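The structure appears below as C-alpha cells.
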Amino acid sequence: MINEKLEHAFCVQINKELYSAYLYLAMQTYFKDMNLDGFANWMAVQVQEELAHAMGMYNYVLERGGKVTLMSVDKPEDSWNSPLSVFEKVLEHEEYVTSLINELTSVAEEVKDRAAISLLQWYIKEQVEEEANVSNVLGNLKLAQNDPRALLLLDRELATRTFVAPVIG
Ligand code: FEO
C-alpha cells in the first residue's frame, strides 16, 4: 500500500504533467497559426510524451493500491513573441519539472518506498533527455532567428520527430 504523503505527491505531479501537456498543446496551436507545421509536430509529440509521463505515475499509484485524485489543470499561457521565446519558455518549464521530480523523489526516499524510488530514476533520466532535446532546438533557433530560410529548414527537421511510447520504469 502506498504511503499517503507519497500518494498525494504523485497526484500533484500527475497534475503538473497534464499541465505540461496542456502548455505544449497551446504551443502547438501557436505554431499551427504561424504555419510552422514542423514546430507544431514537435509540440504534438511533446504533448504525447507528457500524457505518457502522467499515466506512468497514475498507473503506479493504482498498482500500489492508492487512489488517484485528479485536480484542476491551470490554463496555460498562449501567446509568445517568437519561436525563440517559446523554446526559452519550454527550457524554463522543463528545468522546473526537473526540480519537481527531484522533490517527489525526496518524498519517496523519506517514506522509504523503494519501488517508487526505482520508478522515479526513470523520470530523472527522462528529464536529462528532455532538457537536452530542448536545448538543442533552442541552440538551433538562436542561430536561425533572423534568417527565414534557416527557420524553414529547422521546421522541416522538426517535422520528422515521431512519438514512440516510452517504457516507463
Ligand atoms: Fe514530463 Fe517534460 O516532463
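The values are calculated or read from the model by the stated rules, or taken from the named source; none is laboratory data. Being a predicted model, the structure only gives us computed values, none of them experimental. Cβ coordinates were reconstructed from backbone atoms using ideal geometry, including for glycine residues, and neighbour counts include every protein chain displayed. Side chains included, ligands, DNA and RNA excluded: accessible areas come from the protein's heavy atoms. Shrake-Rupley method; radii C 1.70, N 1.55, O 1.52, S 1.80 Å.
At a glance:
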| item | result |
| --- | --- |
| Residue list for segment 129-169, filter: within 29 Å of S99 (Cα to Cα) and without any contact (Cβ under 8 Å) to a residue 12 or more places away in the chain | E129, A132, N133, N136, G139, L143, V164, V167 |
| Number of positions in segment 107-120 that are loosely packed, with under 12 Cβ neighbours inside 10 Å and either part of a helix (DSSP H, G or I) or touching a helix residue (DSSP H, G or I) at 6+ places or on another chain (Cβ under 7 Å) (or both) | 2 |
| Residue under evaluation W80, criteria (1) within 14 Å of the ligand (Cβ to nearest atom); (2) surrounded by 13 or more Cβ atoms within 10 Å (Cβ to Cβ); (3) more than 21 Å from I14 (Cβ to Cβ), criterion not met | (1) |
| Single match in N35, N15, N41 (criterion: open to solvent by 20 Å² or more (accessible area, probe 1.4 Å), among the polar types (S, T, N, Q) and touching a residue at least 60 places away in the same chain (Cβ under 8 Å)) | N41 |
| In segment 143-169, the residues that are closer than 20 Å to Q28 by Cα, among the charged types (D, E, K, R) and not in a loop (DSSP other than H, G, I, E, B) | D155, R156, E157 |
